[in-house]
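Values quoted throughout were computed directly from the atomic coordinates according to the rules given, and no laboratory measurement underlies them. Quantities reported herein were computed from a predicted structural model and do not represent experimental measurements.
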Amino acid sequence: MGWDDFHRRNRAIDAVLDYAHRTGQTSLPFEEVPEVTTIFEHRKDLLLALQAKWSRTLAGYLEYELFDDEENSGMNSKYLAELEIYPVRLLLFDPSLSVVRRFPTS
């Protein structure tokens, strides 16, 4: 995959997240976002790309937290803004989840 494909896929993923956020849809929008079906052959491919993007974003945030210093203080708002749409991503992966999920202690 070249850079053009990478950027096209990311724009499609962003369109899916935006659509789900605007409509409150908890199932994975596939046919509802026209450009997505031309980029991803199957719903599973979109889901895997969404998971990969989520993992990269979360890894960047964790790395930032590990190496937090005054030089990088402006980056915090970018990662926090990205994390604000995580509830939408969680609901797309599993609609039975509430936005705030409590994990069992046992």
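Taken one residue at a time, the phi angles of the range 12-21 give Karplus couplings (6.51, -1.76, 1.60, θ = phi - 60°) of 5, 4, 4, 5, 5, 5, 5, 4, 5, 5 Hz. Gly and Pro are set to x.
First check a/c for the range 1-40, with a ≥ b ≥ c the square roots of the eigenvalues of its C-alpha gyration tensor; if it is under 1.5, answer rounded, and if not, answer prolate when a/b is larger than b/c or oblate otherwise. It is prolate, given that a/c is not under 1.5 and a/b is the larger ratio. In plain terms, the chain from ARG8 to HIS21 could stretch by 2.7 nm, reckoned as 0.36 nm per residue minus the Cα-Cα distance.
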